[in-house]
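Enquirer: Before anything else, here's the structure in question.
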Amino acid sequence: MDTPTLAAPTLAIWKLASCDGCQLTLLDCEDELLTLAGQVEIAHFLEASSAVRPGPYDLSLVEGSVTTAADAERVRAIRAESRRLVTIGACATAGGIQALRNFADVEEFRRTVYARPDYIDTLSTSTPVSAHVDVDFELRGCPIDRGQLLEVITAFLTGRKPDIPNHSVCFACKRRGTVCVTVAHGTPCLGPVTHAGCGAICPAYGRGCYGCFGPSGSVNLTALIPLLHRDGMDDRDVERLLRTFNAAAFDREAKEATP
Ligand code: SF4
Ligand code: SF4
């Protein structure tokens with residue numbers, strides 16, 4: 001009697017408002033991608049193939065933030081046909097750099113930037129996917145780290161929790177033996193409040209972290225901001241430092257830290 005073969009789990013990759021850099025991280029996995037392709041059926045990945053298999057999907061990876069009403073509708077449809085949904089990157093987990101609109105006048109941007117502003121149909125905010133649907137896991141970074149991405153995919157496909165620690169970049173500096181740029185050189189650095197995952201690349205090259213992985217699991221801006229002031233930053237500099245790829249997430253932390 002023939003043994004019935006189990007169908008491979010299906011993987012779908014989706015894009016909302018984003019630069020595609022996080023999807024490129026998956027393509028950049030090269031050797032591992034071939035192994036992965038042998039373990040799963042890549043059912044929807046328009047950056048790699050126009051061949052699309054209809055849902056439902058066992059695991060969906062979503063890149064990008066919600067910036068239009070159509071995005072919001074689409075992400076609800078993606079959620080409905082995904083057994084597990086993981087958001088990848090600063091855009092999808094925090095609204096991305098496009099969340100700078102949350103602090104500005106979108107109508108003014110529309111009038112100033114576009115020759116035909118009437119063609120632009122956009123929301124006044126850029127929000128993470130988790131503001132619209134339930135999310136099973138958020139993988140941070142701009143872009144995400146390939147090792148962490150493979151860990152998350154493997155974990156979900158084997159039914160376990162991803163082993164992604166949410167400590168700060170400072171831990172990674174200590175682990176690789178990098179001398180602290182703030183203590184040794186007075187260089188402003190967001191490492192103490194930033195989620196690890198990059199391997200502390202920037203301090204290893206003598207520059208401060210600017211927070212591309214977003215807030216870590218325990219953020220203490222009340223302690224960090226006076227240090228940034230001590231190292232020569234005024235309030236405007238601090239605001240600009242916190243308002244980059246994860247502007248909305250750090251802004252939430254800053255508000256919570258304000259008495
Ligand atoms: S998180 Fe960064 S790399 Fe990823 S899609 Fe957004 S802008 Fe691009
Ligand atoms: S900015 Fe910070 S989190 Fe981003 S790569 Fe540099 S050290 Fe890592």
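The values are calculated or read from the model by the stated rules, or taken from the named source; none is laboratory data. What you see is a predicted model; the values in this text were computed from it and never measured. Note that we place each Cβ from the backbone using ideal geometry, even for glycine, and neighbour counts take in every protein chain shown. Accessible surface areas use protein heavy atoms only, side chains included; no ligands, DNA or RNA. Shrake-Rupley method; radii C 1.70, N 1.55, O 1.52, S 1.80 Å.
Enquirer: Does Gly96 satisfy the condition of being away from ligand 1 (no atom under 16 Å from the Cβ) and touching a residue at least 40 places away in the same chain (Cβ under 8 Å)?
Expert: Details: away from ligand 1 (no atom under 16 Å from the Cβ): no; touching a residue at least 40 places away in the same chain (Cβ under 8 Å): yes.
No, not satisfied.
Enquirer: Next up: Mind checking which residues of segment 64-102 are away from ligand 2 (no atom under 16 Å from the Cβ), over 13 Å from Leu16 (Cβ atoms) and part of a helix (DSSP H, G or I)?
Expert: Within segment 64-102, the first condition is being away from ligand 2 (no atom under 16 Å from the Cβ), and the residues that meet it are 64-87, 92, 95, 98-102.
Next, only the ones that are over 13 Å from Leu16 (Cβ atoms) stay: 80-84, 86, 100-102.
If the condition is that a residue be away from ligand 2 (no atom under 16 Å from the Cβ), over 13 Å from Leu16 (Cβ atoms) and part of a helix (DSSP H, G or I), then Ala80, Leu100, Arg101, Asn102 are the ones that fit.
Results for (1) within 15 Å of the chain's Cα centre (by Cα); (2) of a type in the set (Ser, Thr, Tyr); (3) crowded, with 20+ Cβ neighbours inside 10 Å, shown as yes or no for each residue.
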| residue | (1), (2), (3) |
| --- | --- |
| Phe103 | no, no, no |
| Val106 | no, no, no |
| Thr112 | no, yes, no |
| Pro128 | yes, no, yes |
| Ala131 | yes, no, no |
| Leu149 | yes, no, yes |
| Leu157 | no, no, no |
| Val169 | no, no, yes |
| Gly177 | no, no, no |
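Enquirer: Somewhere in segment 102-117, is a residue touching a Lys or Arg at 6+ places or on another chain (Cβ under 6 Å), over 23 Å from Val135 (Cα atoms) and either without any contact (Cβ under 8 Å) to a residue 24 or more places away in the chain or away from ligand 1 (no atom under 11 Å from the Cβ) (or both)? Lay out the reasoning, then the answer.
Expert: Going through segment 102-117, the residues touching a Lys or Arg at 6+ places or on another chain (Cβ under 6 Å) turn out to be 117.
Next cut, over 23 Å from Val135 (Cα atoms) only: 117.
Within this subset, residues satisfying the condition of being either without any contact (Cβ under 8 Å) to a residue 24 or more places away in the chain or away from ligand 1 (no atom under 11 Å from the Cβ) (or both) are 117.
Yes, because at least one residue in segment 102-117 is touching a Lys or Arg at 6+ places or on another chain (Cβ under 6 Å), over 23 Å from Val135 (Cα atoms) and either without any contact (Cβ under 8 Å) to a residue 24 or more places away in the chain or away from ligand 1 (no atom under 11 Å from the Cβ) (or both).
Enquirer: Since Ala254 meets every condition but one in (1) open to solvent by 20 Å² or more (accessible area, probe 1.4 Å); (2) over 28 Å from Pro128 (Cα atoms), which condition does it not meet?
Expert: (2)
Enquirer: Here is a follow-up. Being small (Gly, Ala, Ser) and within 21 Å of Ile13 (Cβ to Cβ) is the filter here; which residues of segment 102-143 pass it? First the steps, then the outcome.
Expert: We begin by selecting, within segment 102-143, every residue small (Gly, Ala, Ser); these are 104, 115, 124, 126, 130-131, 141.
Selection gives Ser126, Ser130, Ala131, Gly141.
Enquirer: Another question about this same structure. Can you tell me which residue in segment 209-226 is farthest from Thr93 (Cα to Cα), limited to those that are within 16 Å of ligand 2 (Cβ to nearest atom) and of a type in the set (A, V, I, L, M, F, W, C)?
Expert: Looking at residues that are within 16 Å of ligand 2 (Cβ to nearest atom) and of a type in the set (A, V, I, L, M, F, W, C), I get Leu224.
Enquirer: While we're here: Identify the residue in segment 37-50 that is in a loop (DSSP other than H, G, I, E, B) and open to solvent by 70 Å² or more (accessible area, probe 1.4 Å) and, among all such residues, is nearest to Ile120 (Cα to Cα). Write out each step before concluding.
Expert: First pass over segment 37-50, keeping only residues in a loop (DSSP other than H, G, I, E, B): 40, 46-50.
Okay, now just the ones that are also open to solvent by 70 Å² or more (accessible area, probe 1.4 Å), so 46, 50.
Details: Leu46: 24, Ser50: 27 Å.
Filtering first and then ranking leaves Leu46.
Enquirer: Out of the residues in segment 118-131 that are in a loop (DSSP other than H, G, I, E, B) and away from ligand 1 (no atom under 12 Å from the Cβ), state the one that is farthest from Arg252 (Cα to Cα).
Expert: Restricting attention to segment 118-131, the residues satisfying the condition of being in a loop (DSSP other than H, G, I, E, B) are 120-126, 128.
Now narrow it down to the ones that are away from ligand 1 (no atom under 12 Å from the Cβ): 120-125.
Numbers: Ile120: 28, Asp121: 27, Thr122: 23, Leu123: 20, Ser124: 18, Thr125: 14 Å.
Of everything passing the filter in segment 118-131, Ile120 is farthest from Arg252 (Cα to Cα).
Enquirer: Do we find a residue being among the aliphatic types (A, V, I, L, M), open to solvent by 40 Å² or more (accessible area, probe 1.4 Å), within 16 Å of ligand 1 (Cβ to nearest atom) and without any contact (Cβ under 8 Å) to a residue 60 or more places away in the chain anywhere in segment 215-229?
Expert: No, the conditions are met nowhere in segment 215-229.
Enquirer: Something else now. Filter segment 132-147 for residues that are among the aliphatic types (A, V, I, L, M) and part of a strand (DSSP E or B); which is nearest to ligand 2 (Cβ to nearest atom)?
Expert: Restricting attention to segment 132-147, the residues satisfying the condition of being among the aliphatic types (A, V, I, L, M) are 133, 135, 139, 144.
Right, trim to part of a strand (DSSP E or B) and you get 139, 144.
On the way: Leu139: 13, Ile144: 11 Å.
Out of the qualifying residues, it is Ile144.
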